[in-house]
């Protein structure tokens, strides 16, 4: 308390040259320089109500707040319990009866629909996040801090932060920390009313990188239209069928059936084959692995689930290992035409096959799928070989999607699924 509140420091008044001034007393009543005032001996009330050796919490926080603030007329307090009732609250820590009244006028004028009343939380309860945000914005307006912030095109970051701090809490010793919180790095600042300088550096993680993002980075200040005078849009190139990136990553591994290829068997996760892999099929008497079963549908399911969609499971009668089920995938819609990334469903002798439309090769479409020639690879097909081309419901198709890219590799022969 003595380090924070001047009220709790022992001092006597000196009227040298007719002017009143405070002379701070040390622990032995010695005279202290102003810069050393925080080393002053606590007054009796500080010992009575505050934390002491053997007492980790204040015995009477209400009394302490009132001693520190209740008679501060510069913030509109009128004595009594005003120090406690109108203690700092909200994002910008509104303090004092007079400041509460100013903030409420701004809220009533500019944000009445918020239904925030700064007096509702007096004296005990704290503000909700909603109340805290509204009061913070109201003080930003009341003190015209936006005008100081808008000088960013004329002044550097440190100047801007210092100007705003001067309005909020000029005598704070956390000025350097506030500067760093805003723009990162390190800063040195002088405490108001003294020659003492304080240094602060943004904390780093074990790898030496900033532990937290700066406020400037979080709120994208450099993109602010009001400051730059122009709209800076980061136009990200539209990704066609972004789930295909996952499919292509697997294709690059050149996966081949071996009967024990774990890279292929991972595609069975969540399917009926997951628990039976490696056992003997009671009908065929053959071991269950990627060489003895069809796994094209399992590959499609794994990719879509990996990307974030709900796959086809045994729930509700669906099974991801059944290719034809993908024509009625609950998360998708059959658009009837091949577009890049579409799930292509093919019939064959009462069975089926499924894969992803990956492009075109001459008059053929190229499909990336598993179980094609005992591999995960690209193969050519006629457009008419497939009766369904399914696209996720939330994917917006553009004209670009219908323009299939020319496949530059050498796809396997048509109809090579096994």
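Just so you know, all these numbers are worked out from the coordinates, no wet-lab data involved. Since the structure is predicted, the reported quantities are computational estimates derived from the model, not experimental observations. With ideal geometry, Cβ positions are generated from the backbone for all residues, glycine too; neighbour counts draw on all protein chains shown.
Dividing the summed -39500 (n - 2.57) terms of all DSSP H runs of n ≥ 4 by the residue count of the chain sets its mean residue ellipticity at 222 nm at -7000 deg cm²/dmol.
Compute the Cα gyration tensor for the stretch 319-418, then decide on rounded, prolate or oblate, letting a ≥ b ≥ c be the square roots of its eigenvalues: rounded whenever a/c is under 1.5, prolate when a/b is larger than b/c in the other cases, and oblate in all that remain.
Taking the square roots of the gyration eigenvalues as a ≥ b ≥ c, the stretch 319-418 is oblate.
Dividing the mean sequence gap of close Cα pairs (under 8 Å, 6+ apart) by how many residues the chain holds gives a relative contact order of 7 percent. Under the shape rule built on the C-alpha gyration tensor, where the axes satisfy a ≥ b ≥ c, the stretch 59-105 is oblate, since a/c reaches at least 1.5 while a/b does not exceed b/c. Here 244, 277, 27 are placed in order of increasing Cβ neighbour count within 10 Å, fewest first, which gives 27, 277, 244.
Could the peptides 288-300, 362-374, 30-42 be put in order, highest first, of the mean number of other beta-carbon atoms found within 10 Å of their residues?
Numbers: 288-300: 23.2, 362-374: 21.5, 30-42: 14.8.
Top to bottom by mean Cβ count within 10 Å: 288-300, 362-374, 30-42.
Relative to the longest principal axis of the Cα atoms of the chain, the long axis of helix 129-142 makes an angle of roughly 60 degrees. Inverting the pair-averaged 1/r between distinct Cα atoms of the stretch 6-125 gives 16.6 Å as its Kirkwood hydrodynamic radius. The protection proxy used here, the mean number of other Cβ atoms lying within 10 Å of each residue, ranks peptides 135-146, 200-211 as follows, highest first: 135-146, 200-211.
Can you classify the stretch 145-228 as rounded, prolate or oblate using the Cα gyration tensor, where a ≥ b ≥ c are the square roots of its eigenvalues, rounded means a/c under 1.5, and otherwise it's prolate if a/b beats b/c and oblate if not? The partial results should precede the final answer.
Details: a/c = 2.44, a/b = 1.02, b/c = 2.39.
Cα axes put the stretch 145-228 in the oblate bin.
Counting only Cα atoms, the chain measures 108, 54, 42 Å along its principal axes, largest extent leading.
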